[in-house]
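The values are calculated or read from the model by the stated rules, or taken from the named source; none is laboratory data. The structure presented is a predicted model; accordingly, all values stated were derived computationally and were not measured. Cβ coordinates were reconstructed from backbone atoms using ideal geometry, including for glycine residues, and neighbour counts include every protein chain displayed. All accessible areas refer to the heavy atoms of the entire protein, side chains included, with ligands and DNA or RNA removed. Shrake-Rupley method; radii C 1.70, N 1.55, O 1.52, S 1.80 Å.
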Amino acid sequence: MQKLGDSDVAEIIMGQSPPSEVYNSNGKGLPFFQGKADFGFISPTVRQWCSAPIRVAKKNDILLSVRAPVGDVNLCKEECCIGRGLVAIRCNRLSFYWFLFFYLLENRKQLENYGTGTTFKSINKEAISEFQVWLPHLTEQKKIAAILFKIQEAIEIQESIIEKARELKKSTLHHVFTHGLRGEKTKKTEIGPMPESWDVVPIGKVYDFTKKPKEIIYSNYDHLPFIAMDLIPIDLPHSGKFKFKKVTEISSGTYIEDGDILLAKITPCFENGKQCIVTGLPNGFGVATTEVIPIKEKPGISDRYLLYYYLLKDDVRKLLAGKMEGATGRQRIPVNLLQEFMIPFPLLTEQQEMAELFLTIDQKSEIHTAKKSTLQDLFKTILNKLMMGEIRVKDLDIDVSEVST
């Protein structure tokens with residue numbers, strides 16, 4: 001073990017914020033990073049520049065967050081200016097930047113413990129310099145880094161596929177809800193252009209908002225599946241997430257059934273698109289927090305997926321958000337307002353075809369989201385074992401060209 005601040009290990013460069021008048025958003029000067037808020041998956045995202053930098057980090061320097069939160073790391077992909085919330089760690093003779101980045105990533109909780117302060121923790125140069133790091137021979141460092149880099153690269157590929165599916169979904173939602181699937185002429189309506197054969201109707205006319213009293217199920221069951229707003233996913237339609245609660249622990253709630261659309265009605269969950277189609281409830285029913293609105297399709301008239309996807313459209317969310325009531329920060333959509341909200345309404349067969357199209361896109365996202373999650377779990381496991389020395393790779397023939405450039 002060696003100290004991070006040893007001259008042969010790394011140079012520690014503390015950030016310093018320049019005067020605010022030299023910040024800009026038009027690309028003049030060097031990219032400017034101030035702290036964890038700028039961090040991305042591996043490297044920070046440029047949001048502003050600085051025309052008169054004071055402290056500069058170089059390409060391949062490791063950026064360490066030194067102010068709440070302490071310990072998060074990113075890797076510089078270009079020369080940049082760093083503010084007081086960051087430290088640049090520049091590798092010297094005994095350390096390899098990719099290896100040291102992964103090592104600090106694995107040990108960020110220990111780094112956090114070096115921080116001081118009660119309300120907002122921070123860490124100083126002396127503490128960073130004293131931090132102990134394990135450094136195998138440089139050749140082994142590169143081999144370890146190459147393994148982790150390949151897994152990380154695979155994660156980024158999955159993330160790219162997921163992001164493209166999100167963009168495809170967004171553009172498809174706009175096109176299909178404007179032009180339909182039949183190649184019809186469009187007409188102007190109070191909610192925008194749509195195919196001539198479609199109607200404009202209030203949601204409450206074609207979807208059911210009435211729920212059975214929860215007392216019906218209390219008499220026969222001691223424990224019930226319970227869904228709160230924080231268990232509702234964003235973007236993907238199905239949710240089997242719930243907790244079991246004793247009936248006596250549920251002071252208030254809303255009776256829900258398998259297949260219900262569950263819509264968060266309070267900011268910021270509503271604005272973030274938290275909604276799902278509930279699946280996997282034991283015995284087909286359960287209870288949800290009163291902070292959500294359950295909506296059921298009317299068999300033979302409406303399709304649950306069509307409404308689910310329509311309520312995901314950005315312009316629809318903005319319209320509804322503008323009608324929310326209550327104090328700022330805790331506004332909500334009244335049920336009666338949602339019932340009166342006007343939506344486009346094609347024939348049931350076209351509704352189902354449209355929903356199938358959107359579901360196909362989501363299924364692709366779900367597949368790649370699962371792959372990404374598996375790779376992330378693998379990365380954490382391998383990272384831990386490599387950094388603890390439980391797996392040694394010094395004698396293996398591993399191509400390190402990708403991490404050595």
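Taking the range 133-157 as the search range and keeping residues that are open to solvent by less than 20 Å² (accessible area, probe 1.4 Å) and polar (S, T, N, Q), which one is farthest from LYS3 (Cα to Cα)? Result: GLN152. Here is the figure for the range 7-38: residues that are assigned to a loop (DSSP other than H, G, I, E, B) and touching a residue at least 60 places away in the same chain (Cβ under 8 Å) total 7.
Taking the range 193-205, which residues are part of a loop (DSSP other than H, G, I, E, B) and open to solvent by 20 Å² or more (accessible area, probe 1.4 Å)? Reasoning before the result, please.
As a first pass, look at the range 193-205 and keep what is part of a loop (DSSP other than H, G, I, E, B): 193, 196-198.
The answer is PRO193, GLU196, SER197.
Among all residues of the range 273-285, there is none that is assigned to a strand (DSSP E or B), in contact with a Lys or Arg (Cβ under 6 Å, 6 or more places away or on another chain), more than 23 Å from LYS170 (Cβ to Cβ) and open to solvent by 10 Å² or more (accessible area, probe 1.4 Å).
Filtered by the rule that a residue be in a loop (DSSP other than H, G, I, E, B) and in contact with a strand residue (DSSP E or B) (Cβ under 7 Å, 6 or more places away or on another chain), the range 242-272 gives PHE242, ILE250, GLY253, ASP258, GLY259, ASP260, LYS265, PHE270, ASN272.
Restricting to the range 291-337, count the residues that are at pLDDT 85 or above and either in a loop (DSSP other than H, G, I, E, B) or basic (Lys, Arg) (or both). Final tally of qualifying residues: 21.
Pick out the one residue from GLY71, GLY15 that is on the phi > 0 side of the Ramachandran plot and open to solvent by less than 40 Å² (accessible area, probe 1.4 Å).
Details: GLY15 fails: on the phi > 0 side of the Ramachandran plot.
Among GLY71, GLY15, only GLY71 is on the phi > 0 side of the Ramachandran plot and open to solvent by less than 40 Å² (accessible area, probe 1.4 Å).
With ASP377, ASP399 as the choices, which residue is open to solvent by 30 Å² or more (accessible area, probe 1.4 Å), under 24 Å from SER160 (Cβ atoms), out of contact with any Ser or Thr (no Cβ under 8 Å at 6 or more places or on another chain) and not in a helix (DSSP H, G or I)? That would be ASP399, the only listed residue that is open to solvent by 30 Å² or more (accessible area, probe 1.4 Å), under 24 Å from SER160 (Cβ atoms), out of contact with any Ser or Thr (no Cβ under 8 Å at 6 or more places or on another chain) and not in a helix (DSSP H, G or I).
Looking only at residues in the range 162-192 that are closer than 11 Å to PRO346 by Cβ and over 32 Å from the mean Cα position of the chain (by Cα), the one that is surrounded by the fewest Cβ atoms within 10 Å (Cβ to Cβ) is ARG182.
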